[in-house]
Structure formats: structure tokens, C-alpha cells
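**Student:** Take a look at the following structure, please.
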């Protein structure tokens, strides 16, 4: 199968390209605005002609290219619209024209926005696909709009489209200055596996399963996050005393954290629930808080998967690459 991977120079794009190449079962073609060892064609998905030029023979699209949340501080709203909305529409319509059999769009749990944080004194939010997004910035707004374009094109043209709302998988430091100052970076990331982080290896496996299941499903949205140890019964206490709940659910964490001189988060305000993806896609994520704690307890220096270590840290470009600037309106 010939698979087009957008954003091939990014974290997920590179991970997809590495995995597809290692499998030997598919021919993967990478496109990105930035050159890389995993990018075959450099250009912007906001350029319809560029997209069309690389669709011949493509049977599946893994659309991971995006402007991310950190770009809100460095890029215009128009740039977000051009890449995240216009770029997605270009890919969708050219995919229909090319007879693509499966289109997988990488979205984000950030799309839920203001729906993620309950009022003070309320239990933590139990976030499933049924929660209605309330975007709080241009990143979330454009990702939700792109999701809706996927639904529209699938309904109008029948091309199977799967939306994967991924939680955090990047290795860069937290963009919350208070959290970054209060915790060691790895301490914070490991704790996030309880409720809002996923290893990139599991994100890749979800994308490949989505290709396989797309024709049978048609259209669906799925949360892709590590399996939480919590239940709905924990939500009120999680907001008051997270360490007490974690001690019950994953008792081994206390000794591992004490050895590393780490601290558990005092409170958690939301929990991402991946049950639908596990049930309908047959997704079996390998990495969760308990498995990561077990690796730490065994003395492993790096809690990440081998794939996550291979991809490494990339940072985020602080200005629009030339390929994007050519197709972005002035502010």
C-alpha cells in the first residue's frame, strides 16, 4: 500500500515513517514544509498544486502535519487557518479525487479546550468522545474545524475518515511555566500518563489500526491516550487529593517516586478515557503509568519507548518556513 504521511519532519510524522519503513509492508511517502531524512517532498499542504502533485497512486493518507499549540505565540491566526484548515481541505479533496481508501487525521485532546476544566470544587472531568469541544485558542478552533471537514467529506463522498485526538506525546518541556518550575521534567511527564499523556509508539499503532479499520467504520473520532488506572468513582477525590487515589490504584509508584525524589501532582482536573478506541479499533496501548513506574522501579534510566527515544526532541519552528510563507496571507 502506498501511504502519504504529512508532517514527516515532525515528531509523529517521523515516527510513522520509521515504523512503516521498518515493517516493509507499505511504501511511505513523506511531505513537510521542512526537509528531513524522512521527507521526500518539501512543500506546504496549503498549496493545492503541491498536494495534487503527490497523490498519484496513494491508497491511504496519515495527516499529521499541523501548526501546534506552541505556535500560537509565534504564528498568526491566518497561518493556523491556512495550514490546519485549508491544508486539511486540500488533502481531503485531492484524496477523494485520487480514490484514497483511508484518511486518518491527527487531531488533539486540546480541541476540548474549556470543557476540560470543571469549576472549583467540582470533581475532575471524565473526558470521552461525547464531551463537546469548547476551543480556547486558534489551535483548538482550527483542529475542530478540520475534524468537521473530515466528517463532511466522508458523508458527501464516502471516503473513510478517522479522527484521532491524541494526548501529549512530545518530549519538550511543559509550556506551563508554573508546572515546569515546580517539577522535574520527567517527573511531570510520567505523572501525566495517569490522565493526559501517551507514548508515541502507541500513537503510531493507533494510526496504523485506523487505516485497517477505516473502511468498516466510515467516520469516527477517538481519544488516543494512555489507559488511565482511574474510574469515575475516583473523580471527586482526584480533585482534592490525587496522591491518595494513586496510592490505591498503583501502590508501587510511591517507592519509585521517593527514590527519584519526585512528587505526585496534588490535584488532577481531567481524565482522558480511551475505552472507545480500544473497543472499536482493537487498540492495545503498551505504555501506561503502571508500566512506566515498573521500568523506573527496575532502574531503567529512560521511561520512553525505543521509538520515542529514536525520534527524540525537535522543538518547534519559531517562524514560518519559506514553503509555508508563500501560501500564508499577511496578518
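The values are calculated or read from the model by the stated rules, or taken from the named source; none is laboratory data. Because the structure is predicted, anything quoted here is derived from the model rather than measured. Cβ atoms come from the backbone with ideal geometry, glycine included; neighbour counts cover every protein chain shown.
**Student:** From 221, 215, 276, grab the single residue that is part of a strand (DSSP E or B), surrounded by fewer than 22 Cβ atoms within 10 Å (Cβ to Cβ) and touching a residue at least 40 places away in the same chain (Cβ under 8 Å). Lay out the reasoning, then the answer.
**Tutor:** Values: 215 fails: part of a strand (DSSP E or B); 276 fails: part of a strand (DSSP E or B).
Of 221, 215, 276, the one residue that is part of a strand (DSSP E or B), surrounded by fewer than 22 Cβ atoms within 10 Å (Cβ to Cβ) and touching a residue at least 40 places away in the same chain (Cβ under 8 Å) is 221.
**Student:** Here are the criteria: (1) touching a residue at least 12 places away in the same chain (Cβ under 8 Å); (2) out of contact with any strand residue (DSSP E or B) (no Cβ under 9 Å at 6 or more places or on another chain); (3) under 20 Å from residue 179 (Cα atoms). Tell me which single one residue 250 does not satisfy.
**Tutor:** (3)
**Student:** If residue 179 meets every condition in (1) in contact with a helix residue (DSSP H, G or I) (Cβ under 8 Å, 6 or more places away or on another chain); (2) assigned to a helix (DSSP H, G or I); (3) touching a residue at least 40 places away in the same chain (Cβ under 8 Å) apart from one, which number is that one?
**Tutor:** (3)
**Student:** Shifting gears a bit: If residue 238 satisfies every condition in (1) assigned to a helix (DSSP H, G or I); (2) under 24 Å from residue 3 (Cβ atoms) but one, which is the exception?
**Tutor:** Residue 238 satisfies all of (1) assigned to a helix (DSSP H, G or I); (2) under 24 Å from residue 3 (Cβ atoms) except (2).
**Student:** I'm trying to understand the selection: among the residues of the stretch 43-59, which are touching a helix residue (DSSP H, G or I) at 6+ places or on another chain (Cβ under 6 Å) and either closer than 21 Å to residue 306 by Cα or outside any loop (DSSP other than H, G, I, E, B) (or both)? First the steps, then the outcome.
**Tutor:** From the stretch 43-59, those touching a helix residue (DSSP H, G or I) at 6+ places or on another chain (Cβ under 6 Å) are 43-46, 48, 51-52, 55, 58; that's our starting set.
Once the filter is applied, which keeps residues that are touching a helix residue (DSSP H, G or I) at 6+ places or on another chain (Cβ under 6 Å) and either closer than 21 Å to residue 306 by Cα or outside any loop (DSSP other than H, G, I, E, B) (or both), the stretch 43-59 yields 48, 51, 52.
**Student:** Sticking with this one: Can you tell me which of (1) buried (at least 16 other Cβ atoms within 10 Å of the Cβ); (2) assigned to a helix (DSSP H, G or I) is the one residue 247 doesn't meet?
**Tutor:** Going through (1) buried (at least 16 other Cβ atoms within 10 Å of the Cβ); (2) assigned to a helix (DSSP H, G or I) one by one, residue 247 breaks only (1).
**Student:** Give the residues of the stretch 250-273 that are part of a helix (DSSP H, G or I) and under 20 Å from residue 185 (Cβ atoms), sorted by residue number. I'd like the intermediate steps shown before the answer.
**Tutor:** So the first thing to find is which residues in the stretch 250-273 are part of a helix (DSSP H, G or I), and the list is 253-260.
Result: 253, 256, 257, 258, 259, 260.
**Student:** Tell me which residues, restricted to the stretch 116-137, are within 23 Å of residue 245 (Cα to Cα) and either out of contact with any strand residue (DSSP E or B) (no Cβ under 6 Å at 6 or more places or on another chain) or buried (at least 16 other Cβ atoms within 10 Å of the Cβ) (or both). Talk me through it step by step, then tell me what you get.
**Tutor:** Start the filter on the stretch 116-137 by keeping residues that are within 23 Å of residue 245 (Cα to Cα), which leaves 116-128.
Across the stretch 116-137, the qualifying residues are 116, 117, 119, 120, 121, 122, 123, 124, 125, 126, 127, 128.
**Student:** Does residue 46 meet the test of being surrounded by 24 or more Cβ atoms within 10 Å (Cβ to Cβ) and more than 19 Å from the chain's Cα centre (by Cα)? Give the derivation first.
**Tutor:** Working: surrounded by 24 or more Cβ atoms within 10 Å (Cβ to Cβ): yes; more than 19 Å from the chain's Cα centre (by Cα): yes.
Criteria met by residue 46.
**Student:** May I ask you to verify whether residue 148 is closer than 19 Å to residue 203 by Cβ and free of Cβ contacts under 8 Å to residues at least 40 places away in the same chain?
**Tutor:** Details: closer than 19 Å to residue 203 by Cβ: no; free of Cβ contacts under 8 Å to residues at least 40 places away in the same chain: yes.
For residue 148, the condition - closer than 19 Å to residue 203 by Cβ and free of Cβ contacts under 8 Å to residues at least 40 places away in the same chain - is not met.
**Student:** Follow-up. What number goes with the only condition from (1) farther than 19 Å from residue 311 by Cα; (2) surrounded by fewer than 20 Cβ atoms within 10 Å (Cβ to Cβ); (3) in contact with a strand residue (DSSP E or B) (Cβ under 8 Å, 6 or more places away or on another chain) that residue 85 does not pass?
**Tutor:** With respect to (1) farther than 19 Å from residue 311 by Cα; (2) surrounded by fewer than 20 Cβ atoms within 10 Å (Cβ to Cβ); (3) in contact with a strand residue (DSSP E or B) (Cβ under 8 Å, 6 or more places away or on another chain), residue 85 is out only on (3).
**Student:** Return a yes/no flag: does the stretch 23-41 have any residue that is closer than 26 Å to residue 174 by Cα, under 17 Å from the mean Cα position of the chain (by Cα), part of a loop (DSSP other than H, G, I, E, B) and at pLDDT 95 or above.
**Tutor:** No, every residue in the stretch 23-41 fails to be closer than 26 Å to residue 174 by Cα, under 17 Å from the mean Cα position of the chain (by Cα), part of a loop (DSSP other than H, G, I, E, B) and at pLDDT 95 or above.
**Student:** What's the number of the only condition in (1) touching a residue at least 40 places away in the same chain (Cβ under 8 Å); (2) in contact with a helix residue (DSSP H, G or I) (Cβ under 8 Å, 6 or more places away or on another chain); (3) closer than 23 Å to residue 211 by Cβ that residue 67 fails to meet?
**Tutor:** Against the list (1) touching a residue at least 40 places away in the same chain (Cβ under 8 Å); (2) in contact with a helix residue (DSSP H, G or I) (Cβ under 8 Å, 6 or more places away or on another chain); (3) closer than 23 Å to residue 211 by Cβ, residue 67 comes up short only on (3).
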